[in-house]
Amino acid sequence: MIRAGQSWHRSSYSGDTHGQCVECRMTRNSWVAVRDSKAPARGTLAVPPAAWTALLRTLRDG
């Protein structure tokens, strides 16, 4: 679980092999911010919690 104010979180599934992963963290307004770990200065995408949960469920359930 990620909480507002914490540093960026990288999935344990990302590994260090190719560095192709995303990082996420909770924003102050409880949205989830997502960015490319290889290019963090290029910006972030923020999504509402319900959309983030739906994405994670879809990825988990295939």
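What the table shows:
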item: Residue count for the range 39-54, restricted to those that are at pLDDT below 90 and either of a type in the set (Phe, Trp, Tyr) or under 13 Å from the mean Cα position of the chain (by Cα) (or both); result: 1
item: Count - residues of the range 13-31 that are part of a loop (DSSP other than H, G, I, E, B), at pLDDT 75 or above and either within 16 Å of Leu56 (Cα to Cα) or among the acidic types (Asp, Glu) (or both); result: 2
item: Search result, residues across the range 32-62 that are small (Gly, Ala, Ser), under 16 Å from Cys21 (Cα atoms) and part of a loop (DSSP other than H, G, I, E, B); result: Ser37, Ala39, Gly43
item: Residue tally, condition crowded, with 16+ Cβ neighbours inside 10 Å, in contact with a Pro (Cβ under 8 Å, 6 or more places away or on another chain) and touching a residue at least 24 places away in the same chain (Cβ under 8 Å), over the range 20-47; result: 1
item: Checklist (1) at pLDDT 85 or above; (2) out of contact with any Pro (no Cβ under 8 Å at 6 or more places or on another chain) applied to Arg10, failing item; result: (1)
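The values are calculated or read from the model by the stated rules, or taken from the named source; none is laboratory data. Because the structure is a prediction, the values reported are computed rather than measured. Neighbour counts run over all protein chains shown; Cβ positions are idealised from the backbone, glycine included.
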